[in-house]
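Trainee: Dumping the structure here so I can ask a few things about it.
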Amino acid sequence: MKALQLEQPKHFRQIDLPEPGNPGPDEAVVRVHRVGVCGTDISGYLGKMPFFSYPRIPGHELGVEVVSVGSNVTNVKTGDRCSIEPYINDPNSYASRKGRPNCCEKLEVLGVHRDGGLRPYFTLPARKLHVSKTLAFDQLALVETLAIGCHAVARAQVTADDTVLIIGAGPIGLATLEFVRLTGARILMLDMNAQRLEFCQNVMGVKETVLANDKVEEELRRRIDGRLPDVVFDATGSNVSMSKSFGLIAPGGRLVFVGITTEEVSFRHVTFHRPEGTLLCSRNALPADFDNIIGLIESGKINTDPWITHRTPFDSVIDAFPSFTRPETGVVKAIIEL
């Protein structure tokens, strides 16, 4: 079967692999129908993702169909449509036993540390499959992106009384938006790309957007009755933005890093000490997040219709992928169809 391997930054190649054999007792073989392209994939393609190893078959946002299951598997059956939780953890690790499999010391993420879904079939632990009886493969491929935002908002303990600033209107920022919106909090979106802010307003229904400039703090204070936001999510992956965000929280505020950078992040201690700020990092998501999100989409509380802006067939990925790295193309979420 054909697969796409990122041999090194900016260089895909098509390879041939054997089809998987029978699954082990706790495994399942799945057929891949949809693969979402996210910031991790783009950073891996550009050589900017710190955890990415080469050569690698990318793809961790997946809508799949179960083809066969091992003898011990009871949570899924042949024919089930599923989203994949792509964080392959060691269940016996300290983090996993503490209920934090998302930051397991031995964690391997599909498409990052081990080969992912840009291939027709592969085998994985069946416990990483989350079933829906009604969602389309497109929707199932969006669940992992949404899970990043779900986990981040839970980490920040956002309430309806909070004013929230989300920095970065890419997919992770928009995923964060979806779950902040469910809390009833006031939301402001900040980005340096006017086109993305227009998308937030016209498509995602965001009422308050701020174009990044040298006077962001002043603009936020003007809009929020002279103060700053209670919660700031930085979803940019930019060390410059992340460094500046320490100065944008209200007294007692929380700053949450959802994006990741390989560069140094710095701040003057007094800037963050004065408001008695709390810094949180949010990594991946938890198993329960996937089931929660599937239920929210099934019930109509999350509308996935605006998300997918670009599509490409599997055979066109090598030619199309560079365009996904350029903001001017208007890509929010690209989907690869197998």
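The values are calculated or read from the model by the stated rules, or taken from the named source; none is laboratory data. These numbers come from a predicted model, not from an experiment. Backbone-built Cβ (ideal geometry, glycine too); neighbour counts: all protein chains shown.
Conditions tested, residue by residue: (1) modelled with pLDDT under 95; (2) under 24 Å from A285 (Cα atoms); (3) in a helix (DSSP H, G or I).
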position: H151; (1), (2), (3): no, yes, yes
position: V164; (1), (2), (3): no, yes, no
position: L188; (1), (2), (3): no, yes, no
position: P229; (1), (2), (3): no, no, no
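Trainee: Mind listing whichever residues of the range 102-126 are touching a Pro at 6+ places or on another chain (Cβ under 8 Å) and surrounded by fewer than 22 Cβ atoms within 10 Å (Cβ to Cβ)?
Mentor: The answer is L107, V109, Y121, T123.
Trainee: Do we find that R119 is of a type in the set (K, R) and not assigned by TED's automatic domain parsing to the domain that holds I318 in this structure?
Mentor: no
Trainee: Something else about it: Can you pull out the residues in the range 193-205 that are in contact with a Leu (Cβ under 7 Å, 6 or more places away or on another chain) and assigned to a loop (DSSP other than H, G, I, E, B)?
Mentor: M204, the sole residue that qualifies.
Trainee: How many residues are under 13 Å from the mean Cα position of the chain (by Cα) and more than 25 Å from N202 (Cα to Cα) when one looks only at the range 127-175?
Mentor: 1
Trainee: Scan the range 8-48 for residues that are out of contact with any Ser or Thr (no Cβ under 6 Å at 6 or more places or on another chain), acidic (D, E) and either loosely packed, with under 13 Cβ neighbours inside 10 Å or at pLDDT 95 or above (or both) and jot them down.
Mentor: D16, E19, D26
Trainee: Looking for something at pLDDT below 95 and of a type in the set (D, E, K, R) - is there at least one such residue anywhere in the range 82-96?
Mentor: The answer is no, given that none of the residues of the range 82-96 is at pLDDT below 95 and of a type in the set (D, E, K, R).
Trainee: Cβ contacts < 7 Å: first residue assigned to a loop (DSSP other than H, G, I, E, B), restricted to the range 12-40; second residue among the acidic types (D, E), any location; separation 6+ or different chain. Result?
Mentor: Filtered contacts from the range 12-40: C38/E61.
Trainee: State which residue pairs qualify: first residue more than 25 Å from V37 (Cβ to Cβ) and inside the range 165-191, second residue aromatic (F, W, Y) in any location, beta carbons under 9 Å apart, and separation of 6 or more residues or different chains.
Mentor: Close Cβ pairs (under 9 Å, with a partner that is aromatic (F, W, Y)) amount to L165/F233.
Trainee: Considering only residues that are in a strand (DSSP E or B), within 10 Å of P23 (Cα to Cα) and not hydroxyl-bearing (S, T, Y), which ones fall in the range 68-82?
Mentor: Across the range 68-82, the qualifying residue is only V69.
Trainee: OK, next. Inspect the range 50-63 for any residue being more than 25 Å from R326 (Cα to Cα), of a type in the set (A, V, I, L, M, F, W, C) and at pLDDT 95 or above and give the result as yes or no.
Mentor: no
Trainee: Just checking, how many residues over the range 261-290 are in contact with a strand residue (DSSP E or B) (Cβ under 7 Å, 6 or more places away or on another chain), farther than 27 Å from G44 by Cβ and surrounded by fewer than 16 Cβ atoms within 10 Å (Cβ to Cβ)?
Mentor: Residues meeting the conditions: 1.
Trainee: Can I ask one more? Given I318, I302, I308, I294, which one is in a helix (DSSP H, G or I), farther than 21 Å from L190 by Cβ, touching a residue at least 60 places away in the same chain (Cβ under 8 Å) and within 16 Å of the chain's Cα centre (by Cα)?
Mentor: Of I318, I302, I308, I294, the one residue that is in a helix (DSSP H, G or I), farther than 21 Å from L190 by Cβ, touching a residue at least 60 places away in the same chain (Cβ under 8 Å) and within 16 Å of the chain's Cα centre (by Cα) is I294.
Trainee: Moving on. So D230 clears everything in (1) under 25 Å from V203 (Cβ atoms); (2) surrounded by 15 or more Cβ atoms within 10 Å (Cβ to Cβ); (3) in contact with a Gly (Cβ under 9 Å, 6 or more places away or on another chain) except one condition, right? Which one?
Mentor: (1)
Trainee: Might you check whether a residue that is in a loop (DSSP other than H, G, I, E, B) and in contact (Cβ under 8 Å) with a residue 60 or more places away in the chain occurs anywhere in the range 264-282?
Mentor: Yes: the range 264-282 contains one or more residues that are in a loop (DSSP other than H, G, I, E, B) and in contact (Cβ under 8 Å) with a residue 60 or more places away in the chain.
Trainee: Could you check the range 41-67 and list, in sequence order, the residues that are of a type in the set (G, A, S) and in a loop (DSSP other than H, G, I, E, B)?
Mentor: Once the filter is applied, which keeps residues that are of a type in the set (G, A, S) and in a loop (DSSP other than H, G, I, E, B), the range 41-67 yields G47, S53, G59.
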